[in-house]
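What follows is calculated from the coordinates using simple rules that are stated; it is not laboratory data. Computed from a predicted model, the values in this text were never measured in an experiment. Backbone-built Cβ (ideal geometry, glycine too); neighbour counts: all protein chains shown.
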Amino acid sequence: MTVTTQGHEDLAYNVFAKACPSRGTLEHVTGRWGGLTLGALYEGPLRFNELRRRVDGVSEKMLSQTLHALERDGLVHREAQPTNPPRVDYELTALGRQVAERLLALIHCVEGAMDDVLASRARYDETRGAL
């Protein structure tokens with residue numbers, strides 16, 4: 001499907017279309033653990049447990065599912081070493097680095113705006129009652 005979007009050239013995919021396969025990848029990238037995993041791997045290759053410690057709060061199961069999805073989408077490369085015990089390293093692919101750079105820009109934007117966000121939340125809660 002080719003779609004013309006405002007300010008962009010013709011695109012082969014349209015994430016706004018329900019059946020577009022790009023929607024699933026966007027969900028993997030922007031989901032709670034996907035974005036944090038990509039951001040953590042931007043710093044360099046990590047083993048599973050190193051990555052789990054870096055992405056504080058993620059369970060083994062969720063990290064494993066996230067890594068599988070990101071690997072399937074071609075964003076993460078999994079390298080298994082034939083050692084005893086087995087050693088598995090995860091790193092970003094070239095595409096994964098491109099996506100992670102953009103995510104990190106968003107992450108830094110949000111982190112830099114947190115004083116304003118927290119002030120806005122306080123004003124909102126004052127006028128509408130704390131939730």
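Here the simple spin-label model places points 7 Å from the Cα toward Cβ, and for ARG32 and THR83 these points are separated by 3.3 nm. Pairwise Cα distances in the chain exceed 22 Å in 51 percent of cases. Springs join every pair of Cα atoms under 10 Å in this Gaussian network model of the chain, and among LEU41, LEU106, LEU92 the largest mean-square fluctuation is at LEU106.
Counting only GluC sites (Glu not before Pro) that are in a DSSP loop and have at most 15 other C-beta atoms within 10 Å, tell me the longest site-free stretch of the chain.
The reported range is 44-131.
Coupling constants for the stretch 103-115 follow from the phi torsions by the Karplus curve (6.51 cos²θ - 1.76 cosθ + 1.60, θ = phi - 60°), and in residue order they are 5, 5, 4, 5, 4, 5, 4, 5, 4, x, 9, 5, 4 Hz; glycine and proline get x. Among THR93, THR83, THR25, the largest mean-square fluctuation in a Gaussian network model of the chain, built with springs joining Cα atoms closer than 10 Å, belongs to THR83.
Other residues within the sphere of radius under 15 Å centred on the Cβ of ARG123, judged by their own Cβ, net out at -2 (K and R +1, D and E -1). Using C-alpha pairs below 8 Å separated by at least 6 residues, the relative contact order for the chain is 19 percent. Rounded to the nearest 500, the 222 nm mean residue ellipticity of the chain from helices alone is -17500 deg cm²/dmol, with -39,500 (n - 2.57) taken per DSSP H run of at least 4 residues.
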